[in-house]
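S.K.: Take a look at this one; I'll ask things after.
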Amino acid sequence: MGWQSCPFLVTPKELQTAFEPFNLVIHNACVSIDYTNTPVEDFLENYSALYERLINGGVFDGSYHALLKQIAFTSNISDIKFCMEHELDGKWVKAMKHDKQSVLPYLAPFTFNTYTENNRLYVSTRYSYLAYSDSIFGYEVNFPKFSQSDADYYGLASEKKLNAYPDYELFRKNIIKITKPFHFRLNGDVKKTQIRISDEVKAYLPNLHCIKCKGIEIL
């Protein structure tokens, strides 16, 4: 299965606005037996710490890896089911149930890297954020992108038929409304990217480690 994504960097307050219609859910780890959802304020506290470190030129090695969290979201918390109840380190835990219709859009950090091929400048946001934590630029929202074999497996015409696709589209539109594409110049080449940045964030971009270490000019 492939993935479609919308990478972005916005302020914590702007992200809070984009989250307004949604509940947040941990989708990739066990949770306590009484867990229902993650308060938006809890995730924003983590995002705020990551954001401040980014705009002040920090990287995310060592103990700062703890800031690199994923979170899923949904507009209908009643659709979320849990299973796999078991004891772990003396406590009872559970995990979100995954099936063909329970796929949720989720946020995760993304990296920014440039490379040249056949004298053309390219941008990649696909490097692992854990392996290349010094290249982290911001967060991205991710959702499946079906191939024909995926469509056959799920019995759906496309990923747009998944229950959570409208949530992905709504969040993406919320981000697009408050951002613009990130443009830059490197070694005389101008590049327009798919990364979305807000006006307030743009002033801080030269401070990002992944920007200043490459000598990039923000446009």
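S.K.: Give me the extension gain from Tyr132 to Asp199: residue separation times 0.36 nm, minus the current Cα-Cα distance, reported in nm with one decimal.
M.R.: Computed gain between Tyr132 and Asp199 is 21.5 nm.
S.K.: Accessible area per residue for segment 1-102 in Å², computed with a 1.4 Å probe and the full protein assembly in place, what is it?
M.R.: 54 Å²
S.K.: Percent of accessible area on segment 1-70 owned by carbon and sulfur, 1.4 Å probe?
M.R.: The C+S portion of the solvent-accessible surface of segment 1-70 is 49 percent.
S.K.: Please compute, over every Cα-Cα pair in segment 70-154, the percentage with a separation greater than 16 angstrom.
M.R.: 71 percent
S.K.: Rg and Dmax of segment 1-67 over Cα atoms: what are they, in angstrom?
M.R.: Final numbers for Rg and Dmax: 14.0, 39 Å.
S.K.: Going out from 0 in 5 Å bins, what whole percent of all Cα-Cα distances in the chain drops into each bin?
M.R.: In whole percents, the pair-distance histogram is 1, 6, 14, 17, 18, 16, 12, 8, 5, 2, 1, 0.
S.K.: Considering only Asn46, Trp3, Val59, whose Cα is most displaced toward the positive end of the charge dipole of segment 1-86, charges sitting on Cβ of Lys, Arg (+1) and Asp, Glu (-1)?
M.R.: Sorting the options by dipole projection puts first Trp3.
S.K.: Give, as ranges by residue number, the residues of segment 120-134 whose backbone N falls under 20 Å from the point 7 Å along Cα→Cβ of Asp61.
M.R.: Only 127-134 pass the distance filter.
S.K.: How about segment 12-83: which trypsin sites (Lys or Arg not before Pro) there are in a DSSP loop, with at most 13 other Cβ atoms within 10 Å of their Cβ?
M.R.: Answer in residue order: Lys81.
S.K.: Follow-up question, since we're still on this one. Need one value: the accessible area of His65 in square angstrom, 1.4 angstrom probe, rounded to the nearest 10.
M.R.: Result for His65: roughly 70 Å² accessible.
S.K.: Rg(Cα) of segment 92-219 divided by 2.2 N^0.38 Å?
M.R.: For segment 92-219, the normalised Cα radius of gyration is 1.28.
S.K.: Divide by every residue of the chain the summed helix terms, -39500 (n - 2.57) for each DSSP H run of at least 4, and state the resulting mean residue ellipticity at 222 nm, rounded to the nearest 500 deg cm²/dmol.
M.R.: Roughly -6500 deg cm²/dmol at 222 nm, from the helical runs in the chain.
S.K.: If I ignore ligands, DNA and RNA and count only protein heavy atoms, how much of Met1 is accessible to a 1.4 Å probe, in Å² to the nearest 10?
M.R.: Roll a 1.4 Å probe over it and Met1 shows about 100 Å².
S.K.: Something else now. Quick one: Debye curve from the alpha-carbon atoms of segment 102-142 only, equal weights, vacuum; give me log10 I(q)/I(0) at q = 0.35 Å⁻¹ to two decimals.
M.R.: -1.12
The values are calculated or read from the model by the stated rules, or taken from the named source; none is laboratory data. It should be emphasised that the depicted structure is a prediction, and the values quoted were computed from it without experimental measurement. Note that we place each Cβ from the backbone using ideal geometry, even for glycine, and neighbour counts take in every protein chain shown. Accessible surface areas use protein heavy atoms only, side chains included; no ligands, DNA or RNA. Shrake-Rupley method; radii C 1.70, N 1.55, O 1.52, S 1.80 Å.
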